[in-house]
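Enquirer: Got a structure for you, written out below as structure tokens; questions coming shortly.
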Amino acid sequence: MKKIWITGASSGIGEALAYELNSRGYFVVISARTEQALLSVKEKSKFPDKIKILPLDLGEIDQLQSKTDSLISEVGEIDILVNNGGISQRSFAAETKISVDERIMRVNFLGTVALTKALLPHMIKRKSGHIVTVSSMVGKFGTPLRSSYSASKHALQGFMDALRAEVFESGIDVSIICPGYVATDVSKNALTADGSKQNTMDQATANGIEPKEFAKKMANAIEAKKAEAYIAGSKEMFGLYVSRFFPSLFRKLVRKMAVT
């Protein structure tokens, strides 16, 4: 039975993915900051006995190595790590406190990198493993109100692309998942310029892909070991292709793009 570790698993994409993978027979380790929320996910899973709870804060980088070592000593080697935890943003760059930028980069990029590095030696030793990282469509192009969030996802794209080449000979796969709008509370929890939560739902997010549907597609991409998968609506895919093939046109369109 393969063991999968999912961060940010108490809600949204992570929660839906935990249910989906658990229903497919995987042993799933779920992590997030709030233990009570994780307990709720375990209770609602199809096979609760195949769920392990591990509270974890990606922002507490110094604790990630010991958390990883303790987990492996308890459940054995982890076959797949799903780096899903993170924070979104809804604020203009000129108005955003640098402390907010630092927090987003610390959690989204450095926390993810630190956890990956904590687990990587175990996978290299076994010459087997799979690192899956949830980026974003704005990890491929930037949009207004997402400056630091987009930067953190661009950074993850670069790191994981480089890592994929480095660990190929060790038999380790690296996948990047790029979601478009998914109907979760991500916009409610997004940080504003002063670091407080937005606490409102973006219309685009509310009209996004249902988490259950997204999780099925993501699980399929993981099982297929896709190097990169885009799971998004037609508007986001249009933005991706225009930014790639007609960058000048995209720079004009993005100024007026409805991103909330």
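Enquirer: Relative contact order for the stretch 1-119 using alpha-carbon pairs under 8 Å, separation at least 6, rounded to a whole percent?
Expert: About 29 percent, as a whole number.
Enquirer: Which residue, Pro48, Leu145, Gly111, has the largest displacement toward the positive end of the dipole of the stretch 3-235 when charges sit on each Cβ (Lys, Arg +1; Asp, Glu -1)?
Expert: Going by the Cα projections, it comes out as Pro48.
Enquirer: Quick one: how many lysine pairs does the stretch 93-183 have with C-alpha atoms less than 20 Å apart and a gap of 8 or more or different chains? Give me the count, please.
Expert: For the stretch 93-183, qualifying lysine pairs total 5.
Enquirer: Continuing with this model, one more query. For the chain, set up a GNM with springs between Cα atoms under 10 Å and report which of Arg106, Arg126, Arg33 has the largest fluctuation.
Expert: Arg126
Enquirer: So how far, in whole Å, is the C-alpha centre of the stretch 1-33 from the one of the stretch 184-228?
Expert: About 15 Å separates the Cα centre of the stretch 1-33 from the one of the stretch 184-228.
Enquirer: Could you derive backbone 3J(HN,Hα) for the stretch 81-86 from the dihedral phi with the Karplus parameters 6.51, -1.76 and 1.60 (θ = phi - 60°), listing whole Hz in sequence and x where the residue is Gly or Pro?
Expert: 9, 10, 7, 10, x, x
Enquirer: Given R₀ = 25 Å, FRET efficiency for Leu39-Glu210 by Cβ-Cβ distance, to 0.05?
Expert: The calculated FRET efficiency here is 0.55.
Enquirer: Here is a follow-up. What residues have an amide H closer than 5 Å to that of Ala183, excluding those fewer than 5 places away on the same chain, when H is modeled at 1.01 Å from N in the peptide plane?
Expert: Amide H neighbours of Ala183: Gly208, Ile209, Glu210.
Enquirer: Also: Could the peptides 163-170, 209-216 be put in order, highest first, of the mean number of other beta-carbon atoms found within 10 Å of their residues?
Expert: Top to bottom by mean Cβ count within 10 Å: 209-216, 163-170.
Enquirer: Let me check I've understood the local charge: for Val29, count other residues with C-beta under 9 angstrom from its C-beta, Lys and Arg +1, Asp and Glu -1. What total comes out?
Expert: Details: positive: Lys3, Lys52; negative: none.
It works out to a net charge of +2.
Enquirer: Moving to a separate point now. Please sort 225-232, 251-258, 6-13 by packing, taking for each peptide the average over its residues of neighbouring beta carbons within 10 angstrom, highest first.
Expert: 6-13, 225-232, 251-258
Enquirer: Return a whole-number percent for the relative contact order of the chain, with Cα pairs under 8 Å and 6 or more residues apart as the contact set.
Expert: 19
Enquirer: Putting +1 on Lys and Arg Cβ atoms and -1 on Asp and Glu Cβ atoms, find which of Ile172, Ala204, Phe27 reaches farthest to the positive end of the dipole of the chain.
Expert: Toward the positive end, the furthest listed residue is Ala204.
Enquirer: Using θ = phi - 60° and the Karplus relation 6.51 cos²θ - 1.76 cosθ + 1.60, list the HN-Hα couplings for the stretch 174-187 in order, rounded to whole Hz, with x at every Gly or Pro.
Expert: 10, 10, 10, 10, 10, x, x, 6, 10, 6, 10, 8, 4, 6
Enquirer: Same structure, new question: Out of all DSSP beta bridges in the chain, what portion is antiparallel? Express it as a percent rounded to 5.
Expert: 5
Every number in this text was worked out from the coordinates using simple rules, so none of it is lab data. Please read all numbers here as calculations on a predicted model, not as lab measurements. Counting neighbours? That spans all protein chains shown, and the Cβs are built from the backbone with ideal geometry, glycine included.
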